[in-house]
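The values are calculated or read from the model by the stated rules, or taken from the named source; none is laboratory data. Since we're looking at a predicted model, the values are computed, not measured. Because the Cβ atoms are built from the backbone with ideal geometry, glycine has one as well, and the counts that use them run over all protein chains shown.
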Amino acid sequence: MNTEEIIQKINKLLKKATTNVSYDRICDYCYESYIANRSDQEFCCDNCADNNYNQNIRPLREAEKLLLQLKEDEKRKIEYKNSLPSPENILRNNIRKFEKLTIDPIEGTVYFMKDIVDMGVNFEHFSYKERIEGKVEICFALIFGNYKVTQLDRIKIKIEKLKN
Ligand SMILES: [Zn+2]
């Protein structure tokens, strides 16, 4: 056989193979036998194709969509969390604000709480709390690095610079 003959033989075999494809099928949905019009037909009728889609495919697609949405939400939450300043950075920022204040080295200096908050100090982020002795009610001073902040009354605080 020469090349020409081989090609002809292949073509003949391929033609035979495709014309021999059986179009007698069993419907993937209702399991009735039917004659297919196309080689890629899976169902006996549009109704079975629709029913299959509604019962088997659609719930899967919807579940996939919800899962994707859940993943997106989770991703957005993590991105938001990562975009927030860390507690360490907030504390560092607080200390930087105290460094800008004029503070009497012996007595400390009294400030209005509001003014310090307006400067951008966040009182929820401190190094630690220190119990103030000699008070009947439990009182704490807040320590920010080398700065000690004591509440004097409802509006005033005293800021002292601690000696290292
Ligand atoms: Zn069917």
Give me the residue from segment 92-121 that is touching a strand residue (DSSP E or B) at 6+ places or on another chain (Cβ under 6 Å) and assigned to a helix (DSSP H, G or I) and, out of that set, farthest from Ile143 (Cα to Cα).
Met113
Would you mind telling me which numbered condition in (1) assigned to a loop (DSSP other than H, G, I, E, B); (2) in contact (Cβ under 8 Å) with a residue 24 or more places away in the chain Ile138 fails?
(2)
Would it be correct to say that Asn47 is assigned by TED's automatic domain parsing to the domain that holds Asp28 and loosely packed, with under 11 Cβ neighbours inside 10 Å?
no
Just to be sure, is Ile78 away from the ligand (no atom under 16 Å from the Cβ), under 30 Å from Asn122 (Cβ atoms) and in contact with a Ser or Thr (Cβ under 6 Å, 6 or more places away or on another chain)?
no
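Restricting to segment 25-50, what's the tally of residues that are part of a loop (DSSP other than H, G, I, E, B) and more than 7 Å from the ligand (Cβ to nearest atom)?
Total satisfying the criteria: 9.
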Contact list please: Cβ distance under 8 Å, first residue in segment 1-21 and farther than 20 Å from Asn37 by Cα and not assigned by TED's automatic domain parsing to the domain that holds Asn37, second residue loosely packed, with under 10 Cβ neighbours inside 10 Å and modelled with pLDDT of 85 or more, pairs at least six apart or on different chains.
none
